[in-house]
Every structure is written in C-alpha cells, then in structure tokens.
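The values are calculated or read from the model by the stated rules, or taken from the named source; none is laboratory data. Predicted, not measured: the structure shown is a model, and the values here were computed from it. When we count neighbours, we look across all protein chains shown, and the Cβ atoms used for this are built from the backbone with ideal geometry, even at glycine. Ligands, DNA and RNA are stripped out before the accessible areas are found, and what is left, the full protein with its side chains, is counted by its heavy atoms. Shrake-Rupley method; radii C 1.70, N 1.55, O 1.52, S 1.80 Å.
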Amino acid sequence: MKDLFQYWDSITKTWGDKKIVLFLDYDGTLTPIARSPSQATLSPENKELLRHLVNNPVFQVVIISGRMLADVKQIVGIKGVIYIGNHGWEIEGSSMHFESLIPVQTSSVLKKIKYELMTQLSDIQGAFVEDKGVTLSVHYRQVAGDKEFLVKRIFDYICRPYHRQHMIKIHAGKKVLELRPPVEWDKGKAALWLLRKHEILYGKGNVLPVYIGDDSSDEDAFIALKDKGITVLVGYQKFSAADYYLAGPREVTGLLRHIVDGAYEKL
C-alpha cells in the first residue's frame with residue numbers, strides 16, 4: 001500500500017469531469033474508535049466538510065457503516081447523503097430504493113440467538129448485545145482482557161450450530177462479533193450496486209468510486225472496487241486489498257479538508 005497523500009495530486013488529475021462517489025465508513029474513519037458506539041460522535045469540523053461536499057454537484061457522499069441505518073442517519077444528520085447501514089443491508093437516500101434480500105426465517109433465528117447471548121453474557125461486565133434489526137453485534141471493547149476469551153467462547157457455543165446449518169453468517173471486527181443473514185451480501189456488493197445506479201445516471205466510465213474505511217468489513221469493498229476506483233485503508237496493515245492508506249481519522253479529516261479546498265475548481 002502507498003501513502004495516499006504522496007500520490008493525491010496525481011490521482012486528482014485523472015478525475016476529469018467524472019462524478020465522484022465518495023464512500024466513507026464511520027467508526028474508525030470519520031471518528032476514532034470509542035469505548036462504546038454511543039461515544040463516537042462526528043466532529044463539527046467533519047460535519048461542515050461533509051456539508052461542503054454534499055453541496056458540490058461533483059460529489060455524491062455515501063456514509064457506509066456497520067451501524068443500523070437509523071443510527072447512522074441520526075448521528076450524521078446531513079441531507080443529500082446516501083446512507084448505507086448494517087454493512088450494506090440497508091440503503092437510503094437520493095431516491096435510491098433497495099430491496100432487502102433477508103430470508104424470512106432469519107428474524108426469528110436472530111431473536112432466539114439474541115435471547116441466548118444476552119442471558120449467557122449478562123454476568124460479564126462490559127459485554128453487551130446490540131440488536132440492529134437485520135444483524136446482531138456482540139461488543140466486548142469494555143470487557144477486561146482476561147475475560148475476552150469467555151465472551152468469544154460463549155459466542156461460539158451459541159452461534160456455531162446455527163452457522164453450521166447455514167442459518168447465519170459470522171463476522172469478527174474490532175472488538176465486536178457480528179451475526180448477519182446467510183446471504184452473500186456485504187459492503188462490497190452494496191458499493192457495486194450503488195456504483196451501477198450512478199453509472200446508469202451518468203454513463204459507464206463517467207463515475208469514479210473513492211472508498212475509505214478502516215475495518216475488516218471494508219476489505220470486501222476494497223476487493224469489489226479493485227481497478228474500478230480508489231480504495232483507502234485507514235490505519236496501515238500489511239495485508240489489505242486497499243491501494244492506499246491514511247494513518248488514522250485525523251488524516252481522513254485532513255483529506256476531506258484538502259478535497260473541499262480544491263473541489264470548487266472542478267465546478
């Protein structure tokens with residue numbers, strides 16, 4: 001991977017008159033990772049920068065998150081943004097319509113698992129289950145280090161039988177374990193779906209996706225958008241499908257500022 005700032009000027013020269021679809025993850029990208037999801041708030045500076053980009057017709061801003069759609073819409077709260085929640089399972093904005101692919105039986109399975117997880121994890125301080133409607137997340141960032149193995153063991157004991165029967169999919173993130181519907185759908189497929197929608201509007205070859213994210217779930221998008229756009233990992237790691245990297249959320253803010261400062265030259 002290459003440092004994005006070192007190549008940014010040459011990258012922007014290739015934009016031409018293209019529509020830029022700017023995908024931004026939320027936690028760990030627009031905001032630093034917090035001890036609990038409720039503590040990860042969008043800074044006034046980032047909010048203002050996003051508003052500038054939304055008001056520029058060159059850009060379509062997309063916030064893509066593992067959070068549920070209602071949550072990410074509320075915490076960002078900017079009109080004109082396309083919001084993608086639950087790792088791609090929920091999409092809303094700019095007259096976009098997305099048909100859910102969730103099997104009917106998945107809801108009842110997740111309800112049963114949620115009850116079992118909440119019961120078994122209730123004695124572990126700091127562990128909690130987040131019900132995001134179409135997905136479930138077990139957070140353990142606030143769990144004592146010597147208890148983390150217990151959270152994972154309980155999770156595996158409860159969830160693996162359902163996974164073996166292809167009733168759910170399991171994904172591990174940063175101090176979070178997630179359950180998703182058993183359908184091949186993720187951030188990468190959601191990004192491609194949205195990209196095709198824009199290509200219908202503006203013409204194939206006239207749309208450039210720029211995807212910035214920090215988590216293992218963003219790797220699906222980095223792979224899907226390979227050779228189709230610009231992919232950026234927040235936080236360097238040796239094994240990533242992203243083409244470029246930024247050191248952390250502060251550099252993401254710096255990049256947004258850099259884009260806004262030069263964006264109106266494209267109008």
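Working from label points 7 Å from Cα in the Cα-to-Cβ sense, the Ile11 to Ser108 distance is 4.8 nm. Charging the Cβ of each Asp and Glu at -1 and of each Lys and Arg at +1, and nothing else, the dipole of the stretch 159-220 about its Cα centre rounds to 240 debye. Computed on the stretch 145-267, with alpha-carbon pairs under 8 angstrom and 6+ residues apart, the relative contact order is 15 percent. Accessible area per residue for the stretch 168-267, computed on protein heavy atoms with a 1.4 Å probe, is 46 Å².
Result for the chain in a Gaussian network model with C-alpha springs under 10 Å: among Tyr244, Tyr202, Tyr211, the largest mean-square fluctuation is at Tyr202. Which part of the stretch 132-176 falls in the paramagnetic zone of Ser122, meaning amide N under 12 Å from the point 7 Å along Cα-to-beta-carbon? No residue passes the distance filter. Sequence-ordered 3J(HN,Hα) estimates for the stretch 188-193 from the Karplus curve with 6.51, -1.76 and 1.60 and θ = phi - 60° stand at x, 5, 5, 5, 5, 4 Hz, glycine and proline given as x. Rounded, prolate or oblate for the stretch 140-266? Axes are the square roots of the Cα gyration tensor eigenvalues, ordered a ≥ b ≥ c, and the cut-off for rounded is a/c under 1.5. The shape class here is oblate. Ligands, DNA and RNA are left out, and with a 1.4 angstrom probe the accessible area of the stretch 1-150 is 49 Å² per residue. May I ask for the percentage of alpha-carbon pairs in the chain that lie more than 31 Å from each other? Looking at the chain, the distances longer than 31 Å represent 26 percent of pairs. I'd like the accessible area for Phe155, computed on protein heavy atoms only with a 1.4 Å probe and all protein chains in place. Round to 10 Å², please. Surface open to solvent at Phe155 totals about 0 Å².
Sorting the segments 138-149, 27-38, 81-92 by their residues' average number of neighbouring beta-carbon atoms within 10 angstrom, most packed first, yields 81-92, 27-38, 138-149.
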